[in-house]
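The structure appears right after this line, and notes come after that.
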Amino acid sequence: MPELPEVEVVKQSLERTIKNKYIIDILVRNPNLRLKITSKFAKILKKKIILNIKRIAKYIIFELSYDQYLIIHLGMSGTLHLVTSKKSNLNTNLSFYSSTNLPKKHNHIEINFGNFKIVYNDPRRFGFFKIVNSKKKLNNYFSKKGLDPLQKQFNFKYLFEKFKNRKKNIKNILLDQNIISGIGNIYASEILFFCKINPNKEGRLIKTIEIKKIIKYSKLVLNKAIKKGGSSILNFRSTQGNMGNYQDEFKVYGKENKKCPNKNCKFKILKLNISNRSTFYCQNCQN
DNA sequence: CCGTTAACCTGAGAGC
DNA sequence: TGCTCTCAGGTTAACG
């Protein structure tokens with residue numbers, strides 16, 4: 001469920017909590033995530049120090065000692081929980097879930113730091129943990145993906161090259177992680193509303209000025225969402241178990257039949273199904 | 001190469 | 001209470 005802003009909030013909380021910490025042990029309760037956890041997994045992570053925590057798009061990366069890198073993707077329902085030994089199963093404050101308690105089911109991986117542990121919970125198991133054993137392999141992994149909209153290189157020249165000759169509609173382009181990496185279904189609708197672009201518009205028909213708007217509002221919307229602690233629709237919570245607040249800023253997502261938020265527009269927000277993902281927009285303001 | 005669809009999973013909520 | 005159906009912040013193999 002998390003998109004770039006929510007993953008960034010989790011990354012920042014992990015940074016405060018486990019940076020420079022030593023992994024004492026790993027427990028894999030269920031190896032059957034989207035990528036199967038191998039038998040070597042625990043052995044590699046054990047006795048390593050987490051030197052740095054980074055985020056690229058929707059991925060969290062642990063830079064470990066001995067040139068090992070752990071790539072984490074939360075999928076649709078992955079959450080991380082901080083569990084202190086005293087409180088055992090209660091009051092996890094690195095929550096990403098509707099309850100500040102550790103869920104009873106689907107706790108697949110535990111990273112033990114001694115006086116506390118991080119528990120990975122994921123009901124749908126679309127998330128994954130992947131280890132690569134060199135910086136080169138790490139870079140190679142991300143070189144095949146689209147640019148993160150918050151990166152500097154995400155500019156007019158980059159998008160222009162990606163958009164030209166594309167018959168694919170702009171909504172699907174924003175969601176295509178091989179073109180742009182980090183935007184998901186909520187923020188795609190929100191960004192297009194600010195840009196005043198119809199989600200069905202073909203990439204090749206997007207004008208110069210519209211490309212510039214996409215760059216501007218992608219950065220603006222995502223950065224604002226990070227500042228607001230992410231969006232809490234169903235179950236997202238930030239570091240201290242607090243809800244994010246960006247859902248209060250939504251212009252169109254989930255606003256079907258509500259009035260368009262633009263002044264002087266009396267149209268209602270429509271819900272479309274584009275490639276089996278719900279899409280919200282104003283037919284009057286977005287052309 | 002490009003674009004679309006189905007598939008991977010579980011749980012919550014609506015309607016009957 | 002229970003059944004069936006739809007939907008959910010994601011990704012990708014397979015197909016034409």
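Just one residue in the set A:Lys213, A:Lys251 is assigned to a helix (DSSP H, G or I) and at pLDDT 95 or above; that residue is A:Lys213.
Among the residues making up the stretch A:59-69, those that are under 19 Å from A:Val9 (Cβ atoms) and more than 9 Å from DNA strand C (Cβ to nearest atom) are A:Ile60, A:Ile61, A:Phe62. When A:Asn178, A:Asn133, A:Asn155, A:Asn139 are checked against the criterion of being within 16 Å of DNA strand C (Cβ to nearest atom) and either surrounded by fewer than 18 Cβ atoms within 10 Å (Cβ to Cβ) or of a type in the set (A, V, I, L, M) (or both), A:Asn178 stands alone in meeting it. A count restricted to the stretch A:176-204 and to residues that are closer than 12 Å to A:Leu147 by Cα and either assigned to a helix (DSSP H, G or I) or of a type in the set (A, V, I, L, M, F, W, C) (or both) stands at 3. A:Phe193 - would you say it is more than 23 Å from A:Cys285 (Cα to Cα), among the aromatic types (Phe, Trp, Tyr) and either within 12 Å of DNA strand B (Cβ to nearest atom) or in contact with a strand residue (DSSP E or B) (Cβ under 8 Å, 6 or more places away or on another chain) (or both)? No: the conditions fail for A:Phe193. Taken over the stretch A:9-54, the residue count meeting the criterion of being among the charged types (D, E, K, R), touching a strand residue (DSSP E or B) at 6+ places or on another chain (Cβ under 7 Å) and not in a loop (DSSP other than H, G, I, E, B) is 4. Checked against (1) touching a Phe, Trp or Tyr at 6+ places or on another chain (Cβ under 8 Å); (2) closer than 16 Å to A:Leu74 by Cβ; (3) not small (Gly, Ala, Ser), A:His106 passes all but a single condition, namely (1).
Considering only the stretch A:23-46, how many residues are touching a helix residue (DSSP H, G or I) at 6+ places or on another chain (Cβ under 9 Å) and loosely packed, with under 13 Cβ neighbours inside 10 Å? Adding up the residues that qualify gives 0. In the stretch A:181-220, the residue that is farthest from A:Lys152 (Cα to Cα) out of those that are away from DNA strand C (no atom under 11 Å from the Cβ) and among the β-branched types (Val, Ile, Thr) is A:Ile197. If you check A:Ser85, A:Ser77, A:Ser98 for being within 19 Å of the chain's Cα centre (by Cα), modelled with pLDDT under 95 and surrounded by fewer than 17 Cβ atoms within 10 Å (Cβ to Cβ), only one passes: A:Ser98.
The values are calculated or read from the model by the stated rules, or taken from the named source; none is laboratory data. Note that this is a predicted model, so its numbers are computed, not measured. With ideal geometry, Cβ positions are generated from the backbone for all residues, glycine too; neighbour counts draw on all protein chains shown.
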